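The values are calculated or read from the model by the stated rules, or taken from the named source; none is laboratory data. Everything numeric here is computed off the predicted structure, so don't read it as measured data. Positions of Cβ are backbone-derived with ideal geometry, glycine not excepted, and every protein chain shown enters the neighbour counts. Just the protein is used for accessible areas: all its heavy atoms, side chains included, with ligands, DNA and RNA removed. Shrake-Rupley method; radii C 1.70, N 1.55, O 1.52, S 1.80 Å.
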Amino acid sequence: MRRSSFPPYLVVGQGQLLGFPEADESPLTVEALAAALTDDFAIEFGPPSVVHGADLDTFDRRLGAAGFSLHHLSDPAGQQLVLIPPGAHAPLTMPVTNAHWPALVTALPAGAVRDELAPLVTIRALMVLDERDHRIRHGELRNEDQKILARLQLIEQAADAPAWLSVNPLRGYGGDTRRAVRLLTAAGFPPIRPVQVALTRNDTGVRQVRIERSAPAITLLVAAWSEHLAVMRANLPGVLDDVDTEFLHDFRVALRRTRSILKLGRAALPKDVSDRWEPDLKWLGDLTTPVRDLDVYELGLPEMAGWLKAAGPADLQTFAVQLRRHRSAARRTLVRGLRSARFRNVLSGWADVLADLAGPPPGQASGLTVGELANRSIGRAYRRVVRGGADIDQGTPAEALHSLRKRCKELRYALELFAPISDRAARKRVVADLKDLQDVLGRFQDADVQKQTLYRFAEQMREAHAPTKALLAMGELVSHLDADQQRARGEFDRAFARFSRPAGRTRIRLLRVGR
Amino acid sequence: MKVLAMYNIKGGVGKTTTAVNLAYLAAREGQRTLLWDLDPQAAATFLFRVRPRVKGGSRALLTRGRPLAAALKETDFEGLDLLPADFSYRNMDLELDDTKKRTRKLGQLISTLSGDYDMVFLDCPPSISLVSENVMRASDLLVVPLIPATLSLRTLDQLTGFVADAGGNQPQVKAFFSMADRRKRLHRQVIATLSADHPHVARTIVPALSIIEQMAERRAPVPAFAPRSRAAICYEQLWAEIRPT
Ligand SMILES: Nc1ncnc2c1ncn2[C@@H]1O[C@H](COP(=O)(O)OP(=O)(O)O)[C@@H](O)[C@H]1O
Ligand SMILES: [Mg+2]
């Protein structure tokens, strides 16, 4: 049985849809249809026209996940966007001219389609995930008086794919049309239910690995690394083309996870692997940092504008322009780096290492099992957090909190890495407490770093003779950040106490021993 | 929603022809348009290739509460629907007489469709009757085709008097010369005397043209099958002049 999913966007705005998949033995042609009907009916078709259909979604399939599908249709008469909501809701359409993909939702013309898309898509770009041409012939079903009973569309995809006939009765002619449909059904063209074109799902999230505690630890490490390498590779084109900010973000998250596994897995790895690869991966991390930092500021601008009390949003204009300029420069460096031989070598070399580690013989790798490595790593990471936190009191300098944040991240990655073999409930509770602590430390450090960065920006602005108002607005931002930092500092003791309480310790023990 | 009735006590003056062509033009400019063929002879229904049949007849619509929407037929032209005539419409006067609001029943029925249409055209049978009284009450505009003849003025005066007497909602009245023949001296004379500055007479004149007679064979509005013909242009002018805003 051939696949016969009917693309519903092709009959948008018209009434009832009846479709006919091509019967396997007899092709669905104008002649075959005419032969199936009696003298009471006549059909006529015009010349074929080509409609190009492109399926759109964000890279991480936000529309698909919410049950929507979005299509860009173009034919010689014009172009439109068709948004099909979940359930039986009517599709929304919007005429477009010169649409170029990928595009941010803010680049679309205002209207109901954009209003519906904006909260789903947010900062991610819409891009073409799949496209195809349809040949469409418009026609009519008529009665003996030559009155039109229904409008017809004969829809063909590629030469060898099935064709469909869509039948849209005119108001008041449902009964007559049904008689004709019965004749067609009897001739071997049964109605089909319209099925939405399924966008091919290409999951970019981290997949959960299935593994036993007794399996060699290296198996788990390689599986996780391969997953992260795939994410980096998948996001790379979007980073290079600057499609939206999240490609770089996701790339960096995968890279950071890769590096933390290198650290966590050290005991289970052949000696030289960690030492050989850490510098290269750090280089890659450092290469991507400046653009990401500037992205964070740019994405944060609307929120920062809300912080201003004396100054107005317009006073941030100079800052915004400066950010844009810095970002362009940083992107040039980033792109140069990502197109360099060194980058290519790092990526392919790393892929080779994964292939080597995956295949037999296991080389000089230690015989550690997943369970043993989990016990070591989780225990060690947990103790480091507790010890680091206990050392902090009112007088401790900010650096100590920053380094504690790093330790928290390591623990978090360890919990993530060994999730496949750990007790779900216990892990969830530990992660919840850890998240709170990370949140406090994150706010503390981000505010600290941003204060210093804004200060540097302001200095550059002053040298470039920026308006006084622009500088004063920067001052307000710094003051807001300072208040944020103080607040986070004030919340630290409670968050840490919650994390390090005896119940947390018990759960960590549970995680180490396993189910 | 605006309601326009093609009205004249006489038959054969061009009411149906006007209703079909103007309704087509209204739909073509994007108005959601309905044409109700009230004449049991069903000429407008025929011109749109629709069968002159309404389930349950006029009785079902007038006295049994069958919704008008159930009897609607989409024509071959986008945005233009037809409420067909039925032979039973010849008894409409009697049925209206049986209803509670005997002079306002048609208007009530039409207003049930007010969310669905921008323009409603009524093609009326030639008579003075309870149906015409209902039409007066229901309409915003009476479009009156006149054949230029000695009695044209009298016909128009009778009509405006009738409208004034009808009470309640008073539609505007706009007459125009239909089937005018410049070769006939009488036509030229009547047009000259009547149309000079009569407030109820449109400037546009629709001459007698053979392509208009062809509508019966083509079973379609003139602007649909002969968009560049003089007849099509005349109806476009007439529509531009009288269309309610
Ligand atoms: N301007 C015209 N030129 C020629 N023939 C016309 C014209 N207007 C109407 N006719 C013809 O006159 C006849 C009567 O017209 P019709 O619109 O049916 O009148 P009514 O509805 O008032 O009875 C029809 O055969 C029609 O084709
Ligand atoms: Mg008539």
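Would you work out the relative contact order for region A:217-513, in percent, from Cα pairs under 8 angstrom that are 6 or more residues apart? Walk me through the numbers on the way to the answer.
On the way: 277 pairs, mean separation 69.6, N = 297.
The value is 23 percent.
Normalising by the residue count of chain A, find the relative contact order in percent from Cα pairs under 8 Å and 6+ residues apart.
On the way: 717 pairs, mean separation 70.3, N = 515.
With pairs under 8 Å counted, the relative contact order is 14 percent.
For chain B, what's the relative contact order in percent, using C-alpha pairs closer than 8 Å and at least 6 residues apart? Show your work: numbers first, answer last.
Working: 466 pairs, mean separation 60.2, N = 245.
For chain B, the relative contact order is 25 percent.
Going by amide H atoms built from the backbone, whose H comes under 5 Å of the H on B:A180, apart from near neighbours?
B:V206, B:A208
Between A:R387 and A:R233, what is the FRET efficiency for a Förster distance of 35 Å, r being their Cβ-Cβ separation, to the nearest 0.05? Could you put the intermediate results ahead of the total?
Numbers: r = 38 Å, r/R0 = 1.08.
Computed FRET efficiency for A:R387 and A:R233: 0.40.
Under a plain spin-label model, where a point goes 7 Å from the Cα along Cα-to-Cβ, how far apart in nm are A:R179 and A:A34?
2.1
Taking θ = phi - 60°, what integer Hz values does the Karplus form 6.51 cos²θ - 1.76 cosθ + 1.60 yield along region B:44-54, in sequence order, with x for Gly and Pro?
Each residue of region B:44-54 in turn: 5, 4, 4, 5, 9, 6, 9, 6, x, 9, 10 Hz.
Work out from phi, with θ = phi - 60° and the Karplus expression 6.51 cos²θ - 1.76 cosθ + 1.60, the ³J(HN,Hα) of each residue of region B:174-183, listed in order in whole Hz, and give x for Gly and Pro.
9, 9, 8, 7, 10, 6, 6, 10, 5, 6
I'd like the accessible area for A:E44: 1.4 Å probe, protein heavy atoms, all chains in place, Å² to the nearest 10.
Its heavy atoms expose roughly 90 Å² to the probe.
Given the C-alpha centroids of region B:169-245 and region B:86-129, what is the distance between them in whole angstrom?
26
In the neighborhood of A:D484, defined by Cβ-to-Cβ distances under 14 Å, what is the net charge if each Lys or Arg adds +1 and each Asp or Glu adds -1?
On the way: positive: A:R443, A:K451, A:R487, A:R489; negative: A:E303, A:D439, A:D446, A:D448, A:E476, A:D482, A:E491.
Here the charged neighbours net out to -3.
Just name one of B:F46, B:L34, B:A70: the one whose Cα is farthest towards the positive end of the charge dipole of region B:31-84 (beta-carbon charges, Lys/Arg +1, Asp/Glu -1).
B:A70
Can you list the HN-Hα couplings for region A:231-239, worked out from phi with the Karplus curve (6.51, -1.76, 1.60; θ = phi - 60°), rounded to whole Hz and with x for Gly and Pro?
These are the phi-based 3J(HN,Hα) values: 5, 4, 5, 5, 8, 4, x, x, 5 Hz.
Please sort by residue number the trypsin sites (Lys or Arg not before Pro) in region A:410-459 whose DSSP state is loop and whose Cβ has at most 12 other Cβ atoms within 10 Å.
Sites meeting the loop and neighbour criteria: none at all.
Taking amide H positions as placed 1.01 Å from N in the peptide plane, with prolines and chain starts having none, which residues 5 or more places from A:E131, or on another chain, fall under 5 Å of its amide H?
Here the answer is A:D55, since their amide H atoms fall under 5 Å of that of A:E131.
222 nm [θ] for chain B, helices only, -39500 (n - 2.57) per DSSP H run of 4+, per residue, to 500? Don't jump to the answer; show the numbers that get you there.
Values: 12 runs with 99 residues, N = 245.
Mean residue ellipticity, 222 nm, calculated: -11000 deg cm²/dmol.
What residues have an amide H closer than 5 Å to that of A:L126, excluding those fewer than 5 places away on the same chain, when H is modeled at 1.01 Å from N in the peptide plane?
The answer is A:A103, A:L104, A:V105.
What's the angle, to the nearest 10 degrees (0 to 90), between helix A:271-307's Cα axis and the longest principal axis of chain A?
70
For an R0 of 51 angstrom, estimate the FRET efficiency from the Cβ-Cβ distance between B:R64 and A:A187 and round to the nearest 0.05. Don't skip to the answer; put the middle values down first.
Working: r = 40 Å, r/R0 = 0.79.
FRET efficiency, B:R64 to A:A187: 0.80.
Translational diffusion coefficient of chain A at 10 °C, 1.306 mPa s, Stokes-Einstein with Kirkwood Rh over Cα pairs, in µm²/s as a whole number.
Numbers: Rh = 27.7 Å.
The Stokes-Einstein estimate is 57 µm²/s.
Work out how much length A:E44 to A:E303 would gain on full extension: take 0.36 nm times their residue separation and subtract the Cα-Cα distance, in nm to one decimal. Each step should come with its number before you reach the end.
Working: separation 259, 0.36 × 259 = 93.24 nm, distance 5.95 nm.
Roughly 87.3 nm would be gained on extension.
Run the simple label-point estimate for A:L281 and A:A497 please: 7 Å along Cα→C-beta, distance reported in nm.
Result: 3.8 nm between the two label points.
Spin-label point model (7 Å from Cα, Cβ direction): what's the A:D293 to A:A310 distance in nm?
About 2.8 nm, to one decimal.
Between A:Y455 and A:R487, how high is the FRET efficiency from 1/(1 + (r/R0)^6) when r is the Cβ-Cβ distance and R₀ = 25 Å? Nearest 0.05. Walk me through the numbers on the way to the answer.
Values: r = 20 Å, r/R0 = 0.79.
After rounding to 0.05, the efficiency reads 0.80.
Please give the residues of region A:273-313, grouped as numeric ranges, whose backbone N is less than 12 Å from a label point set 7 Å along the Cα-to-Cβ vector of A:L472.
A:309-312
Rounded if a/c is under 1.5, else prolate if a/b beats b/c, else oblate: with a ≥ b ≥ c from the C-alpha gyration tensor eigenvalues square-rooted, which is region B:2-242?
On the way: a/c = 1.84, a/b = 1.28, b/c = 1.44.
In terms of gyration-tensor shape, oblate.
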